[in-house]
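One structure is given below, encoded as structure tokens.
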Amino acid sequence: MLDIGALKSKFLSALETATSEEAIENLRVEALGKKGEISLALREMGQMAEDMRQKIGPELNEFRKSFADEIARRKEAFADAALNLRLEAEGLDMSRPARPRNHGTIHPVSQVTEEIVAIFADLGYSVAEGPQLETDWYNFDALNMAPEHPARQEHDTFYMHRDEGDNRPPHVLRTHTSPVQIRHMEKHGVPCRIIAPGRVYRADYDQTHTPMFHQYEGLCIDEGVSMANLKWTLQEFCRAFFEVENVDLRFRASHFPFTEPSAEVDIRCSWAGGQLKVGEGDDWLEVLGCGMVHPNVLSSAGVDPETHQGFAFGMGIDRLAMLKYGIPDLRAFFDSDIRWLRHYGFSVLDRPDLAGGLSK
Ligand code: PHE
């Protein structure tokens, strides 16, 4: 005969001593599983005499139910405790500083290019581009440098290899950004106001020369543009770029085949204490070449020199970066030395704009 009291106390005390989720699960199977003791007892009731069944049935059912509930409750408690332990061990402290990450920097050439673009955008100039691999027509002939012109030799040009019998026009790595003048006027006509920053190439290598360097070209063509406009434009540029109120520029007569008259421009500076200061002192530093665009250049680009004229100028971007940020050796610009880049590079957030001051 089934002893419910014994069954109850057996499982209740077993539950009391079960100290893990696993032990409880084992107990559940033992008692309530398909072949569990309580399940079997309930099944056996079918064979019992009616009066016995009425007596034992409700109590056994009651116990099955309360025991199942208790098991579920205990299991949940263990699961909660385990979860709490895990949370404590793995918890994230959101107030802790993030792990340091390596950030790249913006190269001074890129930064200075952005500064130049920002300044000239403010003066109504847009940015134009041309290929680095040029025909010698765009690089020289169209710029009033005939094949026998001595300036052609002065440029230490890199010529592209040509197989014998290849009768395509000779190609060069552009020696300056001036060919963009021609390409731009050919395509978009005049009037125009553009700057054209980019890479240029000359076979030259020392502390202030690298075989690849950066220039930007300025070109302004309209009716009635004069040398005075050129002077004002360059003055405004230098003032904004070097961030000094007073810049003194010196225009020295010079010669470029593609401008007439031509000038080289020096900027007043001082080297007191080995530090370069722009706008004061008694030294002069050459910063650019410029002039009024030669009528032959306008004609090469399909512009009528009788109705339109204007000025052009060319500056070394790397040179400007060295001056403004006190970087002594040009060659280091292109060594990709991570320590140099960290030292002289700019934060990605340091976007040049005129309203906020160009450099922070
Ligand atoms: N192209 C010239 C150079 O590379 C610079 C220049 C540009 C001079 C435009 C006059 C006008 O030296």
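Where a number appears in this text, it was derived from the coordinates with a stated rule and is not lab data. This structure is a prediction, so every number in the text was calculated from the model and none was measured. As a convention, Cβ positions derive from the backbone with ideal geometry for all residues, glycine included, and neighbour counts pool all protein chains shown.
Could you tell me the calculated FRET efficiency between Lys187 and Gln235, based on Cβ-Cβ distance and R0 = 41 angstrom, to the nearest 0.05?
Efficiency, rounded to the nearest 0.05: 0.85.
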log10 I(q)/I(0), Debye, Cα-only segment 238-360, no solvent, q = 0.11, 0.19, 0.22 Å⁻¹? -0.54, -1.11, -1.23
Per the helix-only calculation at 222 nm, which mean residue ellipticity applies to the chain, given -39500 (n - 2.57) for every DSSP H run of n ≥ 4 and division by its residues, nearest 500 deg cm²/dmol? -12500 deg cm²/dmol
Average silhouette area of segment 83-143, convex hull of alpha-carbon atoms, in square nanometres: 10.1
List, in order, the whole-Hz ³J(HN,Hα) value for each residue of segment 232-247 obtained from phi through the Karplus relation with A = 6.51, B = -1.76, C = 1.60 and θ = phi - 60°; use x for Gly and Pro. 4, 4, 5, 5, 4, 4, 4, 4, 5, 5, 7, 6, 10, 5, 10, 10
Relative to the present Cα-Cα distance, how much length would full extension add between Ala77 and His161 at 0.36 nm per residue of separation? 22.1 nm
Distance in nm between label sites at Lys8 and Leu133, each 7 Å beyond Cα in the beta-carbon direction? 9.6
Translational D (Stokes-Einstein, µm²/s) of the chain at 4 °C and 1.567 mPa s when Rh comes from the Kirkwood sum over C-alpha pairs? 48
Once phi is turned into ³J(HN,Hα) by the Karplus curve 6.51 cos²θ - 1.76 cosθ + 1.60 with θ = phi - 60°, what whole-Hz value does each residue of segment 162-169 show in order, with x for glycine and proline? 10, 5, 4, x, 6, 9, 5, x
Relative contact order for the chain: what is it in percent, counting Cα pairs under 8 Å that are at least 6 residues apart? 16
